[in-house]
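Throughout, read-outs are computed from the coordinates displayed, never taken from laboratory work. Every value quoted in this text rests on a predicted model; they were computed, and no experiment measured them. Quick reminder, even Gly has a Cβ in these numbers, built from the backbone with ideal geometry, and neighbours come from all protein chains shown.
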Amino acid sequence: MADHNRKLVFLGVGQVARALAQVSHEFAPILTQTTTSTSEPESKNLFRYSMYGTTRSAERVAEIRALGIEPVVVESFENLGDLLDGAYVVVSFPPDSEADVAACRAAQKADGIVYISSTAVYGKKEGVVTEESEVDSESPQGKARLDAEQKWLKVGASILRAPGIYGRGSGLHQRLISGNYRLPGDGTNFVSRIHVDDLAQMIMKALLLNKRSQIFLCGDTLPTTHREIVEWLAERLNLPVPDSLPLEQCHYTQRGNRRVDAANSLQQLSVELRYPTYKDGYSHELRGT
């Protein structure tokens, strides 16, 4: 079997990189395939992913290596050109003007780049949002993300705007179990989410389909109110519905009232969600708690 190595480099190793480390092998593209007279595969030549992940902390080296990712301790992205040349690059660190400029410069010869952005770019906009919806450049969080997006678009990155990410042991169910969650306001604001494995699918498809300098929306097919999902989870966890917290005291990510319509992006990337609703995704997560 021929060995076709492909570098997959994570600029930032967090929840998304962890999921990608687990599922990237599913997207190793078949280069050639010969068949026997019975049409059964005789041999396959597959890409193999050699994974690297950056960290600023030497203390995380063992943790990252345990994921099957080779850790790269960096103080700056300035000197990563050799590593990123010809690689697939996934960017998930928070907006940082200096770091974004340096990383964009280093990634100019990458074979593909995905920048993980946020639906926070829509700011105070309410109702349904699509790829064509107007963004909110007035909010500090939205402006920082939009500035980063523009830098990455210029070097050919695909931008994936993600809502709340959950899965693989992380999510609202864990916060309810810990007792540190409070219902935002009266709970009637809508929220969208995506399971991290489905986000990983979208990332890999954007890389493999070479979707350069395009913006995609991520989200499942059933946006819900905070109260609906909290009550559904509380019932299954045999927990009381938590008290409310005034909306103005909540984190800005909990104040939105948006329903993400990602149907067009999912079609463009040929992605079928494994967890199309919160019930599918959290049912899977609860089986693992």
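General remarks:
- Subset of Lys124/Lys205; Lys211/Lys279; Lys7/Lys205; Lys124/Lys154 violating a 25 Å alpha-carbon distance limit: Lys124/Lys205; Lys211/Lys279; Lys124/Lys154
- CD proxy at 222 nm, helix term only [per DSSP H run n ≥ 4: -39500 (n - 2.57); per residue of the chain; nearest 500]: -9000 deg cm²/dmol
- Per-residue ³J(HN,Hα) for the range 78-89, Karplus 6.51 cos²θ - 1.76 cosθ + 1.60, θ = phi - 60°, Hz, x for Gly and Pro: 4, 9, 9, x, 4, 5, 7, 4, x, 9, 8, 10
- Dipole magnitude of the range 203-255, debye to nearest 20 (Cβ charges: Lys/Arg +1, Asp/Glu -1, about Cα centre): 500 debye
- Ellipsoid semi-axes in whole angstrom, largest first, where each is sqrt(5λ) of the Cα gyration tensor of the range 156-289: 28, 17, 11
- For the range 125-141 versus the range 157-218, the gap between their alpha-carbon centres in whole angstrom: 16 Å
- With the highest mean first, a sort of the peptides 58-66, 208-216 on other beta-carbon atoms found within 10 angstrom per residue produces 208-216, 58-66.
- Sorted fewest first by neighbouring Cβ atoms within 10 angstrom, Ile116, Ile177 come out as Ile177, Ile116.
- Spacing of the two label points (7 Å from each Cα toward its C-beta) at Val23 and Leu239, in nm: 2.4 nm
- When both bridge partners sit in the chain, DSSP labels roughly 20% of those beta bridges antiparallel.
- Relative contact order of the chain, pairs being alpha-carbon contacts under 8 Å that are 6 or more residues apart, as %: 17 percent
- Listed by chain and number, the aspartates and glutamates placed with their C-alpha closer than 12 angstrom to that of Lys109 are Asp82, Asp85; residues fewer than eight positions away on the same chain are left out.
- A simple rule links phi to the HN-Hα coupling: the Karplus curve 6.51 cos²θ - 1.76 cosθ + 1.60 with θ = phi - 60°, which for the range 210-223 gives 6, 7, 8, 6, 10, 10, 10, 9, 10, x, 7, 8, 9, x Hz, with x for Gly and Pro.
- Potential extension, Glu138-Ser178 segment - 0.36 nm per residue separation minus Cα distance: 10.9 nm
- Net length available on complete extension from Ser270 to Leu286 is 3.0 nm, with 0.36 nm assigned per residue and the Cα-Cα distance removed.
- Note on the chain: with charges restricted to the Cβ of Lys and Arg (+1) and Asp and Glu (-1), its dipole about the Cα centre is near 120 debye.
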